[in-house]
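Take a look at the structure below.
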Amino acid sequence: MKNHVTTRWFGDWANEYDATLGKVRRHHQLLDLAARLSGVTDGDRVLDVGCGTGLLSLKFLKRADCRVTAVDNSPDMRRLFQAKIDALGLRDRVRCARQDAAKLRFGKSSFDIIAATVALHHVENKRPMLKTMRSILKPGGRLVIGEVDVDTTGDHADPKRLARILDFLKDEIVEALKEGGVPAFSRMYDNGKKHILNLGEYCVSAGQWRALCLRAGFRRVTIHDLRAFRWFKVVVAVR
Ligand SMILES: C[S@@+](CC[C@H](N)C(=O)[O-])C[C@H]1O[C@@H](n2cnc3c(N)ncnc32)[C@H](O)[C@@H]1O
């Protein structure tokens, strides 16, 4: 049921995605940092989880002669990415498929890199997802998570929790307005209530991601700041 809420939301947003969040500079900085920290090299097999319109996958494909499998559970997002793949003649380097991040179906040790930007916070129960991700990574493989660094867990009636989330939302909404104009502001503003009430949005802090990855069996986890926006972090977990 909760998944349907998120799929509907992204179905509705898909056509505007590149013209709103896709225009926001700090979003591209997050994608660039995630791709750089992944250490992707020629020949790597990369899984992009929650690929959306393919903005992150395209950064990987530009950076190295790698092969990308991109998954998303929104048919509208996938349709837009598939159109880009076709237009750019990338069919032999990237495959876009329907899969749910919470139930990834790939063989053991399939990938050198798993990457996801602002996608994994949509999955409420993160522990089984991270265990599966570890098992489908090759030994030494890297999980790269670009995410919002804010803890939205806890009691919805707790005013301290609300204040913490509003601190983030204020910066997020102002940046969106400055860089993506009123349409981007409007999207981010609507999204705010979903974060506050955990309606398909379940952000945890970067420190919480680190603890979750270590518990899932990753051996080394580092956290990297995005200088331009203090609320975004990239977490790199090595299998
Ligand atoms: C904010 S967009 C991010 C897209 C892209 N990674 C980027 O950074 O531009 C989040 C994406 O995650 C997808 N998504 C959300 N929950 C998902 C799930 N459980 N399984 C697969 N994809 C999911 C949405 O459909 C959407 O395309």
The distance between the Cα centres of region 22-43 and region 85-159, in whole Å, is 15
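Just add up the charged neighbours of Lys59: K/R +1, D/E -1, any other residue whose Cβ is under 11 Å from the Cβ of Lys59.
On the way: positive: Arg36, Lys62, Arg63; negative: Asp32, Asp48.
Summing Lys and Arg as +1 and Asp and Glu as -1 gives +1.
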Taking Phe111, Phe106 and counting other C-beta atoms within 10 Å, the order from fewest to most: Phe106, Phe111
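If you average 1/r over every pair of different alpha-carbon atoms in region 27-178 and take one over that average, what Kirkwood value in Å do you get? Don't jump to the answer; show the numbers that get you there.
Details: mean 1/r = 0.0608 Å⁻¹.
Result for region 27-178, one decimal place: 16.5 Å.
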Rh (Kirkwood; distinct C-alpha pairs) - region 1-112, Å: 14.5
Just to be sure I understand: with springs between alpha-carbon atoms less than 10 Å apart, which residue in Arg187, Arg127, Arg219 has the highest mean-square fluctuation in the Gaussian network model of the chain? Arg219
Proximal aspartates and glutamates relative to Lys23, as straight alpha-carbon distance under 12 Å, when same-chain residues fewer than 8 apart are discounted: Glu175, Glu179
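Once you charge only the Cβ atoms, +1 for Lys and Arg and -1 for Asp and Glu, what is the size of the charge dipole of region 51-147 about its Cα centre, to the nearest 20 debye?
Using only the charged Cβ atoms, the result is roughly 300 debye.
Is region 111-164 rounded, prolate or oblate when judged by the Cα gyration tensor, a ≥ b ≥ c being the square roots of its eigenvalues, rounded requiring a/c under 1.5 and prolate requiring a/b larger than b/c?
It comes out prolate by the Cα gyration axes.
Where does the charge balance sit around Phe81 when Lys and Arg score +1, Asp and Glu -1, over other residues with C-beta under 14 Å from its C-beta? Intermediate results must be reported in sequence, preceding the final value.
On the way: positive: Lys59, Arg78, Arg79, Lys84, Arg91, Arg93, Arg95, Arg98; negative: Asp18, Asp48, Asp72, Asp76, Asp86.
For residues surrounding Phe81, the net value is +3.
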Set Lys and Arg Cβ to +1 and Asp and Glu Cβ to -1, take the dipole of the chain about its Cα centre, and tell me which of Val236, His156, Ala83 lies farthest positive. Val236
Region 149-226: proportion of alpha-carbon pairs further apart than 19 angstrom, %: 47
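With a 10 Å Cβ neighbour count serving as the proxy for reagent exposure, in which order, fewest first, do Ser186, Ser57, Ser74 appear?
Ordered from fewest to most neighbouring Cβ atoms within 10 Å, Ser186, Ser57, Ser74 come out as Ser186, Ser74, Ser57.
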P(r) of region 99-239 over all Cα-Cα pairs, binned every 5 Å from zero, in whole percent: 2, 10, 18, 21, 18, 14, 10, 6, 2, 0
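Cα-based Rg of region 32-74 per 2.2 N^0.38 Å, rounded to two decimals?
Values: Rg = 9.7 Å, N = 43, 2.2 N^0.38 = 9.2 Å.
So region 32-74 has a normalised radius of gyration of 1.06.
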Under 20 Å Cα to Cα from Lys160, which lysines show up? Leave out anything in the same chain fewer than 8 places away. Lys170, Lys193, Lys194
Comparing Thr53, Thr41, Thr132 in a Gaussian network model of the chain (Cα, 10 Å), the one with the largest mean-square fluctuation is Thr41
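What does the extension gain come out to for Ile196 and Asp100, with contour length at 0.36 nm per residue minus their alpha carbon separation? Show your work: numbers first, answer last.
On the way: separation 96, 0.36 × 96 = 34.56 nm, distance 2.35 nm.
Extra length available between Ile196 and Asp100 comes to 32.2 nm.
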At a Förster distance of 41 Å, what's the computed FRET efficiency of Leu88 paired with Ala157, Cβ-Cβ distance as r, to 0.05? 0.25
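Excluding same-chain pairs closer than 8 in sequence, count the lysine pairs in region 35-140 whose Cα atoms lie under 12 Å apart.
Numbers: Lys103/Lys126; Lys103/Lys131; Lys108/Lys131; Lys108/Lys138.
Number of lysine pairs found: 4.
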Over the Cα atoms of region 191-239, compute the convex hull volume and normalise it per residue, giving Å³. 87
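Need the full-extension length gain, Lys138 to Arg230, defined as separation in residues times 0.36 nm minus the C-alpha distance. One decimal, nm. Before the final figure, lay out the partial values.
Details: separation 92, 0.36 × 92 = 33.12 nm, distance 3.14 nm.
Full-extension gain reported as 30.0 nm.
Values quoted throughout were computed directly from the atomic coordinates according to the rules given, and no laboratory measurement underlies them. A quick note: this is a predicted structure, and the numbers were derived from the prediction, not measured. Note: ideal-geometry Cβ built from the backbone for every residue, glycine included; neighbour counts use all protein chains shown.
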